[in-house]
2 protein chains.
Amino acid sequence: MRQFVVVAHDAPLDPDFSLSDLAGSGRLDLLCRCLNAALLTSHGVREDVRAFLVVRDEATIRFSGREIRHLHPDERSTAALIREALSAREDAVGHREVESTPGVYVSKRGLDDVLAAVEADGPVIQLHEDGSPVSELAPPASPTFVLSDHRDFTEAEAVVVSEHADERISLGPERIHADHAIAVAHNYLDTAGYSRY
Amino acid sequence: MRQFVVVAHDAPLDPDFSLSDLAGSGRLDLLCRCLNAALLTSHGVREDVRAFLVVRDEATIRFSGREIRHLHPDERSTAALIREALSAREDAVGHREVESTPGVYVSKRGLDDVLAAVEADGPVIQLHEDGSPVSELAPPASPTFVLSDHRDFTEAEAVVVSEHADERISLGPERIHADHAIAVAHNYLDTAGYSRY
């Protein structure tokens, strides 16, 4: 299994955002593209993936590749799934999740809770431009990648991540968008065992 | 320099499309994301990149990283640049380009014309899931990557591409979206010289 935890700093907690202005709604456009990159291939779903959006450290939306329905490549329909999840957030009690649409779960967990939960599944790997080159990382079997949206991790988040992360890895010398980082990380694992010219 | 030629099958030639329904306008959403992946880093522009959108084999829009202005990560503003280019298409005569906004050029060239023009710049590499593994490709200095949108190349296009392409390369075992393929190709070149664990 592969897991991706994306930390969203500006995305709304209130479901009352406009589907026609996702970039203006805390860069929900980028977050939808991250979900697309994590969960979709050209004409299918990566069943063995879970993606988590941690919104303002107050809500976490979990997307399960194995169960998800209604996930399409366009941003608008993905944002509609996020809206449904945020609408169901009030029904979530403590750390318990509520399923808002098939394969989409919302809880009131923050970053620390989510990372504490996933670290049993395999190594936790922070993606960061200042990390070690990915070429030093043996492609792990069940990694969880943690990355930030269009903003850098806050100092408090950086402390939380460092407490849970086994590795801090850079995918290359260029600072790239979060959705592209997810695509590159997938490819790194997809091509595990390949040589490199 | 790196160049990307994206073949768009369903995108409109008429600039009268809705900026609020890009997915419904011949998957312009995907094409905007391809331009984003080709030309933008996290907080900057890849100056040494040119991206070409070949629309229905009747118009080609060229984006120059070195000169471009008004290119932002959101799809809507990128689509507005495409709309401006399509509006200027009638002013383009033969193969000559017209600059529609800074760094964006439109012409009435088709795929064959574009590939004939770029092959002087360096190797032409088709990205295709049935190609040879990228690990067999020495990272070239000035490649042009040719790839298709959400549809496969038509038979006629496949013939044209094979006439110009030096290589046919697969980036990995999964069929991935065109924008993710561009992100992975960039990363392959960005990390040229890196070892592989």
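With respect to the conditions (1) in a strand (DSSP E or B); (2) away from chain A (no Cβ under 11 Å), B:GLU129 falls short on a single one, namely (2).
The strands (runs of 3 or more DSSP E) found entirely in the stretch A:1-112 that carry 1 or more residues being more than 20 Å from B:LEU28 (Cβ to Cβ) and open to solvent by 60 Å² or more (accessible area, probe 1.4 Å) are A:49-55, A:98-101.
B:ALA165 passes every criterion in (1) under 29 Å from A:LEU39 (Cα atoms); (2) at pLDDT 95 or above; (3) small (Gly, Ala, Ser) apart from (1).
B:SER135 - would you say it is among the hydroxyl-bearing types (Ser, Thr, Tyr) and within 10 Å of chain A (Cβ to nearest Cβ)? Give the derivation first.
Values: among the hydroxyl-bearing types (Ser, Thr, Tyr): yes; within 10 Å of chain A (Cβ to nearest Cβ): yes.
Against the criterion (among the hydroxyl-bearing types (Ser, Thr, Tyr) and within 10 Å of chain A (Cβ to nearest Cβ)), B:SER135 qualifies.
Is it fair to say B:ALA37 is at the interface with chain A (Cβ under 8 Å from one of its Cβ atoms) and of a type in the set (A, V, I, L, M, F, W, C)? Don't jump to the end; show me each part of the working.
Numbers: at the interface with chain A (Cβ under 8 Å from one of its Cβ atoms): yes; of a type in the set (A, V, I, L, M, F, W, C): yes.
Yes: the conditions hold for B:ALA37.
Report whether or not A:ALA156 is free of Cβ contacts under 8 Å to residues at least 12 places away in the same chain, more than 8 Å from chain B (Cβ to nearest Cβ) and within 23 Å of A:ASP10 (Cα to Cα). Yes, satisfied. For the stretch A:182-197, residues that are at the interface with chain B (Cβ under 8 Å from one of its Cβ atoms) and either within 13 Å of B:ALA185 (Cα to Cα) or part of a helix (DSSP H, G or I) (or both) total 5.
The values are calculated or read from the model by the stated rules, or taken from the named source; none is laboratory data. Just so you know, these numbers come straight off a predicted model, no measurement behind them. Glycine also receives a Cβ, built like all others from the backbone with ideal geometry; neighbour counts cover every protein chain displayed. Protein only, heavy atoms only, side chains kept; ligands, DNA and RNA dropped before computing areas. Shrake-Rupley method; radii C 1.70, N 1.55, O 1.52, S 1.80 Å.
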